[in-house]
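Everything on this sheet refers to the single structure shown next.
The values are calculated or read from the model by the stated rules, or taken from the named source; none is laboratory data. None of these values were measured; they are calculated from a predicted model. All Cβ positions, even for glycine, are placed from backbone atoms using ideal geometry, and neighbour counts span all protein chains on display. To get the accessible areas, we keep the full protein, side chains included, count just its heavy atoms, and leave off ligands, DNA and RNA. Shrake-Rupley method; radii C 1.70, N 1.55, O 1.52, S 1.80 Å.
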Amino acid sequence: MKVPFLDLGAATRELRSQIGAAGQRVIDSGWYVGGPELEAFEQDYAAYCQVDHCVGVGNGLDALTLALRAMDVGPGDEVIVASNGYIATLLAVSMTGATPVPVDPDPATHNLDPTRVEAAISPRTRVILPTHLYGQPADLDALLAIARAHELRLLEDGAQAHGASYKGRRVGAHGDAVTWSFYPSKNLGALGDGGAVTTNDAALAKRIRTLGNYGSATRYVNDERGVNSRLDPLHAAVLRAKLPHLDEWNNRRRGIAGRYLAAFTGMGIGLPQVPEWAGPAWHLFVVTLTDRDAVQARLRAAGVETLIHYPIPPHRQKAYAHLGLPAGSFPIAEQLASQVLSLPIGPQMSDAQAEWVIAAVREAV
Ligand SMILES: *Cc1c(COP(=O)(O)O)cnc(C)c1O
């Protein structure tokens, strides 16, 4: 048997007729940028996230960049991020001209560690930017308390967390805003690039929309130097067709995660730790292994495709050499990068495939 890491074609085929009809509707409508399909998706997704506003943008990186700009983050400012995770979070900070300030994660949850944040706050800090990594919500109440005490904004990177919940409430705007990516492999994915920001702050939503539309709220009147970053109606229509299935898909992910957790307990594998307040979206199922590379090779030989999220921490990338953060600066992030392994998980995975992965992992470790 072969188990691919994720089968995106299967996800699309499952809703073939709905997705086809959505595309045809846009083709026939004559609206190819903005318009009613986009507005309808923004309303649907805001309702799903239990927030007042959703603004569609071009992708997840733009969602972060525009949200930071709308929070007046710019040159000379600092933004606190986790030292592990995907580089987009840091790139967005850099794109505003501000400096990302990494903080080591909690080794149990791999998420930004609230107990380490305060030491990283300086007079230049403007925003705390946690990622809900792997679809596991960060500890938002603890981070919010720190943000409020220091008069900072809390912006959440929700690119991996569609449908996740924190203390029983959907991720959507516990902080000031949440950014989303609809990259095809995310839990809610388009047929190309897409993104959004959700927030309960009407002024922030308006500014993000304006910045993503050339800095123009009124046609041909430009109040600031914006960019072109919009969610295409074609993608909005596809996302609208998929959204009613997201909870069911996340349930299936949870089922696979439950099987893995039960099967791998007591085997000396580092398993995902789920705090009692967390309702994870199980975007990824990430284990830690001291002999990760050897195990990955054995799994590959057994037909099980795995990935590493992520092999090099952002501060060790050439792109961030100028920060001058040598090896050893963030020991937890560096150790995780050498040990993490993502097992296949996805809504279209069969029981037989999950059992195959379990058997292969038992053999491989
Ligand atoms: C995917 C992802 C992004 C970037 O999203 P794009 O739509 O690819 O620009 C940002 N942050 C995290 C955590 C992601 O997983």
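Computed per residue of the chain from DSSP H runs no shorter than four, each worth -39500 (n - 2.57), the mean residue ellipticity at 222 nm is -11500 deg cm²/dmol.
When the Cα atoms of the stretch 258-333 are aligned to their principal axes, the ranges along those axes come out at 44, 38, 21 Å in descending order. Take the chain with all the other protein chains still there, run a 1.4 Å probe, and you get 42 Å² of accessible area per residue. Restricting the calculation to Cα atoms, the stretch 108-196 shows an Rg/Rh of 1.00 when the hydrodynamic-style radius is the Kirkwood one. Remark: the stretch 246-364 carries a charge dipole of roughly 220 debye about the Cα centre, counting +1 on each Lys and Arg Cβ and -1 on each Asp and Glu Cβ. Taking a ≥ b ≥ c as the square roots of the eigenvalues of the alpha-carbon gyration tensor, the chain is classed oblate because a/c is 1.5 or more while a/b is no larger than b/c. Accessible area ranking (1.4 Å probe, heavy atoms, ligands and nucleic acids excluded), largest first, for Phe5, Phe41: Phe5, Phe41. What residues of the stretch 325-365 lie in the reach of a label at Ala301, counting those whose backbone N is under 19 Å from a point 7 Å from the Cα along Cα→Cβ? Taking a point 7 Å out along Cα→Cβ of Ala301, the residues of the stretch 325-365 whose backbone N falls under 19 Å are 356-365.
Applying 1/(1 + (r/R0)^6) with R0 = 25 Å to the Cβ-Cβ distance of Gln43 and Glu151 gives a FRET efficiency near 0.20. Were the residues from His245 through Ser350 laid out at 0.36 nm apart, the gain over their Cα-Cα distance would be 36.1 nm.
Carbon-plus-sulfur accessible fraction, the stretch 20-141 (probe radius 1.4 Å, protein heavy atoms only): 53%.
From the Cα gyration tensor of the stretch 117-272, with a ≥ b ≥ c the square roots of its eigenvalues, which class applies: rounded if a/c is under 1.5, or else prolate if a/b is larger than b/c, or else oblate? Cα axes put the stretch 117-272 in the oblate bin. The stretch between Thr290 and Asp28, if pulled fully straight at 0.36 nm per residue, gains 88.8 nm over its current Cα-Cα span. As a calculated quantity, the FRET efficiency between Arg362 and Lys2 at R0 = 22 Å, using C-beta atoms, amounts to about 0.75. Bridge orientation summary for the chain: considering DSSP beta bridges with both residues in this region, about 60 percent are antiparallel. Mean projected area of the convex hull spanned by the Cα atoms of the stretch 47-160, taken over all viewing directions: 6.9 nm².
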